[in-house]
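First up is the structure itself, then whatever we jot down about it.
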Amino acid sequence: MQLNSTEDSRPNGVAIATNGEHNGFSRRLTDEEFDRYSRQMIVPGMGREAQLRLINSKVLIIGGGGLGCPAAQYVAGAGVGTIGIIDGDVVEPSNLHRQVGHATSRIGMKKVDSLITHLRDLNPLPTYTPYTYPISPENAADIISQYDLVLDCTDNPATRYLISDVCVLLCKPLVSAASIQKSGQLIVLNCPPTPQGKVDKKYPPCYRCCFRKPPPANTQLSCGEAGIMGPVVGLMGVAQAGEAIKILASALHLPSSIPSNPEDDPHNLIQPTLLIYSYDLTAAPGPFTFRALKMAPRKKNCFACGENSPQTLTLEGVKSGNPNYIQFCGIQTPKIVLPEQDRITASAYHAARQNGQLQNHILLDTREKEHFSFGSIDGAVNVPFGKLLMKAATIKRHGGDAEEILPVEISEDQKDVPPIFVVCRRGLDSQEAVEKLKELGVDRGGKRKIVDIIGGMKAWKEEVDPSFPFI
Amino acid sequence: MTTPKPPPGHFTILYFASATSFTAKNVESLPAPLSLKKLFDVLEERYKGIKDSVLDHSLVTINLAYVDIPEEGEEDVIIKEGDEVAIIPPVSSG
Ligand SMILES: [Zn+2]
């Protein structure tokens, strides 16, 4: 990732000077601009013209969270002239370990307003445009069309496909990053921006060219469910700002920066790269685990940007609900619902324990061990859901004693087979676990009851123990 | 994650994001050579359900470069001894 340095080494066809005369590219910098941006302007490859290009640029940051906060700080600090930020959420205490543009004093405020407060304090010169509602198929094109470059700092697949599609249709470069738990990804898409349907040479890919379809809905996790390390998402957001500044300063956001002959392009413009960062909490410090992966160029058969895409994807279509992004990415619906006799409410389970009906039983808690470490019901044994599924699959394939899946010793001839209760975080995994255990015959042909605690530890906190530390 | 050299007759396979959670591994060695067309079946054999939950929407790289999984009738790619394959599911959160 090198800066395309001087005017002369820019690929053919970029007409900065002529383009610029009308837009204030030839003006002098004000004293305030000069003071503020001097340290970056003297970096080789920057200079006055690159700074003026930043000042004359408009950047849209979609999402004011873990990626958007660090990205916005550096975009604003660098002096990008117009910065739009779109997000419908409000600041919550659980955001603050990573969303560095917010503050304890602004909990409850709209994220967009909170972040702009922070950015104005950092640099009052840019124009900040707030959009305090989420991006949607109805509003996406109207908003994106007003900007030169887009940063995707959102948190769900449906929005990622929407943003990429609209950027293809409007010919905007897209800097896309994502992060969860201990992994981060970054890729620059549709840059230099290329008209939809052009496939006669090598052109940059869109999000769909890289990720053809979204993960199944039941495997999609949010940071709220799976957790996220602050520095991992922060690093990705900062890298997004870095790519955005590079693109704008070198005028690569202009459609005319497509090299006329990609084969002898000295800047590797059509060599899209996916940056992967994995951060291993259990490893020794270093070696640093960045990987730069060479991605393929635009795909001929891509739904959004390929050969026949003008027939499959249009601005009018997107606005009127075609494609249907929510359907494409699957709707989050609770999966299985077990029959009533296999389920018990948290309060009924508690009552049965209290009045002595349930002396001898096994309580399995299928949450991750980190969740379990904050607290559990007395006597619960931790069998993380993923491990349980793995063990179940192994037993199914290679045979073996199904009851080894249980963390407790039970003799074969024990007459009184203690029932099993299963609890998880919110009551979905536990149902699947009950099904799996029965499938393996752990219920001994119906002699043993295996019961799901409805609503998981969340229900336990609501119905039984309000002081329980649920996260 | 450090990437160990695979033993003779093997290639290295790296798992990222949800592929790591599914396999409970960052890295392992598998016997080489292997046809890319057969890679998903070999993994499904080891990790039941991984095809639907992870592989179908992941991208695959060999030696740090993206590869298309060949479809029926398309020319196959052979994963060779010493290659580094990576399974990279999309990450959506932020
Ligand atoms: Zn595409």
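The values are calculated or read from the model by the stated rules, or taken from the named source; none is laboratory data. As the structure is a computational prediction, the values presented were derived from the model and not from experiment. Here the Cβ positions follow ideal geometry from the backbone for every residue, glycine too, while neighbour counts run over all protein chains shown. Ligands, DNA and RNA are stripped out before the accessible areas are found, and what is left, the full protein with its side chains, is counted by its heavy atoms. Shrake-Rupley method; radii C 1.70, N 1.55, O 1.52, S 1.80 Å.
Restricting to region A:297-329, and then to whatever is among the small types (Gly, Ala, Ser) and near the ligand (Cβ under 10 Å from one of its atoms), can you tell me which residue is surrounded by the fewest Cβ atoms within 10 Å (Cβ to Cβ)?
A:Gly306
Which members of region A:422-444 meet the condition of being open to solvent by 10 Å² or more (accessible area, probe 1.4 Å) and assigned to a loop (DSSP other than H, G, I, E, B)?
A:Arg425, A:Arg426, A:Leu428, A:Leu440, A:Gly441, A:Asp443
Looking at A:Leu235 and the list (1) in a loop (DSSP other than H, G, I, E, B); (2) away from the ligand (no atom under 16 Å from the Cβ), which single condition is not satisfied?
Of the numbered conditions (1) in a loop (DSSP other than H, G, I, E, B); (2) away from the ligand (no atom under 16 Å from the Cβ), the odd one out for A:Leu235 is (1).
Does B:Lys80 satisfy the criteria of being open to solvent by 30 Å² or more (accessible area, probe 1.4 Å), farther than 25 Å from A:Met229 by Cβ and within 11 Å of chain A (Cβ to nearest Cβ)?
no
Can you tell me which residue within region B:5-28, out of those that are over 21 Å from A:Lys436 (Cα atoms) and free of Cβ contacts under 8 Å to residues at least 24 places away in the same chain, is farthest from the other protein chains (Cβ to nearest Cβ)?
Selected residue: B:Pro7.
Give just the number: which of (1) touching a helix residue (DSSP H, G or I) at 6+ places or on another chain (Cβ under 9 Å); (2) open to solvent by 50 Å² or more (accessible area, probe 1.4 Å) does A:Ile61 not satisfy?
(2)
Determine whether B:Ser53 is farther than 16 Å from B:Leu14 by Cα, facing chain A (nearest Cβ under 9 Å) and touching a helix residue (DSSP H, G or I) at 6+ places or on another chain (Cβ under 7 Å).
Yes: the conditions hold for B:Ser53.
So, A:Asp200, is that one at pLDDT 85 or above, over 20 Å from A:Val100 (Cα atoms) and assigned by TED's automatic domain parsing to the domain that holds A:Ala76 or not?
It is true that A:Asp200 is at pLDDT 85 or above, over 20 Å from A:Val100 (Cα atoms) and assigned by TED's automatic domain parsing to the domain that holds A:Ala76.
What is the number of the single condition among (1) out of contact with any helix residue (DSSP H, G or I) (no Cβ under 8 Å at 6 or more places or on another chain); (2) modelled with pLDDT under 95 that A:Gly47 does not meet?
(1)
Checking A:Glu404 against (1) among the acidic types (Asp, Glu); (2) modelled with pLDDT of 90 or more; (3) surrounded by fewer than 19 Cβ atoms within 10 Å (Cβ to Cβ): exactly one of these is not met. Which one?
In the conditions (1) among the acidic types (Asp, Glu); (2) modelled with pLDDT of 90 or more; (3) surrounded by fewer than 19 Cβ atoms within 10 Å (Cβ to Cβ), A:Glu404 misses (2) alone.
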